[in-house]
Amino acid sequence: QGTMFRCSAQCCENSTASMQQVQQCIERCHAPLAQAQAIVTGELEHFQDRLSRCSLHCKDKARDALEAGGGEARVRAQLDACVAACGDEHLRLLPALARKMKESLAALQQ
């Protein structure tokens, strides 16, 4: 962000530039930050979607077990275990997710 603000400030300090040129310069300064935010947001949304699908699968399994006559306490325990397994599985994905985001963000600076 600091780089973007310094770049934008330099655009504004150009006394020979037209208002349109200054605006275009500022937009160029903001582009890398907007791209970085889009990368991070996209990756986090994808991660959240995967986690949500996993928990929905657990809920479906619990509903099926209840309809099949499973005891409520037993089904609740199975649901809790399934959701915990989803969480554990997705926690293991975080290092790869962080690495992927770092690589994508580093590629923007090249």
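Full-extension gain between H30 and R92, please, as 0.36 nm times their residue separation minus the C-alpha to C-alpha distance.
19.0 nm
Counting only heavy atoms of protein chains, what accessible area per residue, in Å², does the chain have with a probe of 1.4 Å?
Counting only protein heavy atoms, the per-residue value for the chain is 75 Å².
If contacts are Cα pairs under 8 angstrom and at least 6 residues apart, what is the relative contact order of the stretch 38-99 in percent?
39 percent
Which of the listed residues, A62, A85, V75, is farthest toward the dipole's positive end in the stretch 58-101, when Lys, Arg count +1 and Asp, Glu count -1 at the beta-carbon?
A85
Can you give me the distance in nm between label points at A9 and Q48, each placed 7 Å from the Cα along the Cα-to-Cβ direction?
So the label points at A9 and Q48 sit 3.3 nm apart.
Taking C-beta distances below 4.7 angstrom as the pairing criterion, name the unpartnered cysteines of the chain, in sequence order.
C12, each lacking another Cys Cβ under 4.7 Å.
Tell me, what is the percent relative contact order of the chain, built from C-alpha pairs under 8 Å that lie six or more residues apart?
28 percent
Could you tell me the largest-minus-smallest coordinate of the C-alpha atoms of the chain on each of the three principal axes, in descending order and whole angstroms?
Largest to smallest, the principal-axis extents are 79, 25, 16 Å.
Would you mind calculating the gained length between A73 and R99 on full extension (0.36 nm times residue separation, minus the Cα-Cα distance), in nm to one decimal?
So the chain would gain 5.3 nm between A73 and R99.
The values are calculated or read from the model by the stated rules, or taken from the named source; none is laboratory data. The model shown is predicted, which means the values in this text are computed figures rather than measured ones. Reconstructed Cβ throughout: ideal geometry from the backbone, glycine too, with neighbour counts over all protein chains shown. Just so you know, the surface numbers come from the protein's heavy atoms only, side chains and all, with ligands and any DNA or RNA stripped out. Shrake-Rupley method; radii C 1.70, N 1.55, O 1.52, S 1.80 Å.
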